[in-house]
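What follows is a single structure, written as structure tokens, with notes after it.
The values are calculated or read from the model by the stated rules, or taken from the named source; none is laboratory data. What you are looking at is a predicted structure, and each value in this text was computed from that prediction instead of being measured. Every residue, glycine as well, gets a Cβ built from its backbone with ideal geometry; the counts of neighbours run over all protein chains shown. With ligands, DNA and RNA removed, areas are computed over all heavy atoms of the protein, side chains included. Shrake-Rupley method; radii C 1.70, N 1.55, O 1.52, S 1.80 Å.
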Amino acid sequence: MTPIPNFDAIHQTGLSLVAAHNYYDSLVRQYPIGLCPVEDLDIALSLLSEDTNNLLTLCRDLKEEVILIPAKTKLYSLHLNYRSWLVDVKLAANISGGLDELIKKPIYD
């Protein structure tokens, strides 16, 4: 019997990974101009690595290469690479009016 993935945990870990990715990305830009100590960069990389490991472990049984993670006003695509054990975080879309507004709108053909 195939195990049922914990989609709530996948979503929460995905959100955490997106936040860690954005935090690390901002520190990488600040470090060369002296606005970020190397210790902060190291901590951010550790958080990013931990969330990556957790997400890939949670998604192992899904057999998906890309998952979508909705945030409040953005939609992220997480490209899962199980061979190299990496996740590529990409902004897929900005959601005008926020996620709640998108859910309320009727869909017309």
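Here are some notes:
- Cβ-Cβ distances below 9 Å connect the following pairs, each with a first residue in the range 71-87 that is over 15 Å from Gly14 (Cβ atoms), a second residue that is at pLDDT below 90, and a separation of six or more residues or different chains: Thr73/Asn94; Thr73/Ile95; Thr73/Ser96; Thr73/Gly97; Thr73/Gly98; Thr73/Leu99; Tyr82/Arg60.
A quick yes/no check of all residues on (1) part of a loop (DSSP other than H, G, I, E, B); (2) more than 19 Å from Asp25 (Cβ to Cβ):
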{"residue": "Leu41", "(1), (2)": "no, no"}
{"residue": "Asp51", "(1), (2)": "no, no"}
{"residue": "Leu58", "(1), (2)": "no, yes"}
{"residue": "Asp61", "(1), (2)": "yes, yes"}
{"residue": "Ile67", "(1), (2)": "no, yes"}
{"residue": "Tyr76", "(1), (2)": "no, no"}
{"residue": "Lys90", "(1), (2)": "no, no"}
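- Test: residue in the range 34-51 that is closer than 20 Å to Asn6 by Cα and in contact (Cβ under 8 Å) with a residue 40 or more places away in the chain: no
- Per-region count, the range 43-91, residues basic (Lys, Arg) and either touching an Asp or Glu at 6+ places or on another chain (Cβ under 8 Å) or closer than 18 Å to Ala19 by Cβ (or both): 3
- Complete set of residues in the range 5-27 that are open to solvent by less than 70 Å² (accessible area, probe 1.4 Å), of a type in the set (D, E, K, R) and more than 15 Å from Val87 (Cβ to Cβ): none
- Residue list for the range 28-46, restricted to those being in contact with a helix residue (DSSP H, G or I) (Cβ under 6 Å, 6 or more places away or on another chain) and either crowded, with 17+ Cβ neighbours inside 10 Å or on the phi > 0 side of the Ramachandran plot (or both): Ala44
- Looking across the range 57-109 at every residue that is β-branched (Val, Ile, Thr) and loosely packed, with under 13 Cβ neighbours inside 10 Å, the one that is modelled with the lowest pLDDT is identified as Ile107.
- Any hit, the range 6-23, residues being under 13 Å from the mean Cα position of the chain (by Cα) and aromatic (Phe, Trp, Tyr): yes
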